[in-house]
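Presented below is the structure to which this report refers.
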Amino acid sequence: MSTWYQQLSHQLEIDRDLGVQFIQRDTNVAAPVEQEDPDLSKQQPLPGLELSGSAAEQLETIATAVAACTRCGLCEKRKNSVPGEGHAEAELMFIGEGPGADEDRQGRPFVGAAGQLLDKMINAMGFERSDVYIANIVKCRPPGNRTPEEDEAAACMPWLEQQINIIQPKIICTLGNTPLRALSGNPKAGITRMRGKEFMWQDIPVIPTFHPSYLLRNAEAKKPCWEDLKLVVSKLGRELP
Ligand code: SF4
């Protein structure tokens, strides 16, 4: 059992010892973030996609198109695109920053050390990885794992928007600064101040929290992250396992 899981279990034991029967909704909910108009000049329209069939089939069509995408320079060095994976009608969607080396090799999101931690977080919330959908802001690996540039994120955003529109999750949980900035429309938003503060993307509530790779380097961030994840569970009308 890992340190992370032990911490979650310990937190649950504390809750139970205190007689907590239900998860309290966090009242520290921010006013919705004013979304700036997206800079459409940076976004080229997607090539006409024939989206038909089930949600899973539509996501497969997008994955095939993403594999051939050359909308930004990140296509040049990718081994594999990483479109995202999970339940096509998931009620919960996680959005990270972009693929790293392991993800680039395998063509799957969150499969490295940060991915293993994300799996534990998902399990602690009462889900299996296959119950949720996991995607990233950019679908090709930025060289050296650098942060994606704004124009790269803008070029890739229409793919993600299509995925969200197909999946229609009840809640989106963003991981780290990059998806927080992309979905809030605020390029200066910082996760340390914004974590756990709900805002809306279109009509879907978004709860931002830390990226698992940050948690691996900063153990003190795990507790506030767990608070954010408990808020997500609460908002979904569920109870912790
Ligand atoms: S990162 Fe996104 S926009 Fe850029 S090439 Fe890959 S799929 Fe296309």
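For this structure, a couple of remarks:
- Listed residue (Thr64, Ile191, Ser81) projecting farthest to the positive dipole end of the stretch 53-235, Cβ model: Ile191
- Cα-projected label distance for Leu46 with Arg193, points at 7 Å along beta-carbon direction, nm: 3.3
- Listed by chain and number, the lysines whose alpha-carbon sits under 18 Å from that of Lys79, ignoring those within fewer than 8 places in the same chain, are Lys139.
- The HN-Hα couplings worked out from phi for the stretch 153-167 by the Karplus form 6.51 cos²θ - 1.76 cosθ + 1.60 (θ = phi - 60°) are 4, 5, 5, 8, 4, x, 4, 5, 4, 4, 4, 4, 5, 6, 6 Hz, whole numbers, x standing for Gly and Pro.
- Under 5 Å, built H, 5+ apart or other chain: amide partners of Asn136: Gly96
- GluC sites (Glu not before Pro) within the stretch 100-208: DSSP coil, no more than 13 neighbouring Cβ in 10 Å: Glu128
- Here the stretch 60-180 is described by how far its Cα atoms reach on the three principal axes: 39, 29, 24 Å, from widest to narrowest.
- Amide proton proximity set for Gly176, modelled H, under 5 Å, gap of 5+: Thr209, Phe210, His211
- Per residue convex hull volume, Cα atoms of the stretch 123-241, in Å³: 116
- Phi-derived couplings, Karplus 6.51 cos²θ - 1.76 cosθ + 1.60 at θ = phi - 60°, listed residue by residue for the stretch 199-208: 9, 10, 10, 6, 10, 10, x, 10, 10, x Hz, with x used for Gly and Pro.
- Order of Trp226, Trp159 under a 10 Å beta carbon neighbour criterion, fewest first: Trp226, Trp159
- Exposure proxy shown here: for Thr178, Thr147, Thr209, the number of other Cβ atoms within 10 Å sets the order, fewest to most, as Thr147, Thr178, Thr209.
- Per-residue Karplus couplings for the stretch 140-149, computed as 6.51 cos²θ - 1.76 cosθ + 1.60 with θ equal to phi - 60°, are listed in order as 10, 5, x, x, x, 6, 5, 5, x, 5 Hz, Gly and Pro entered as x.
- When only the Cβ of Lys, Arg, Asp and Glu is charged (+1, +1, -1, -1), the dipole of the stretch 53-235 relative to its Cα centre reaches about 620 debye.
Quick note: the coordinates plus some simple rules give every number you see, no bench work behind them. Predicted model only: the values in this text are computed from it and were never measured. As a convention, Cβ positions derive from the backbone with ideal geometry for all residues, glycine included, and neighbour counts pool all protein chains shown.
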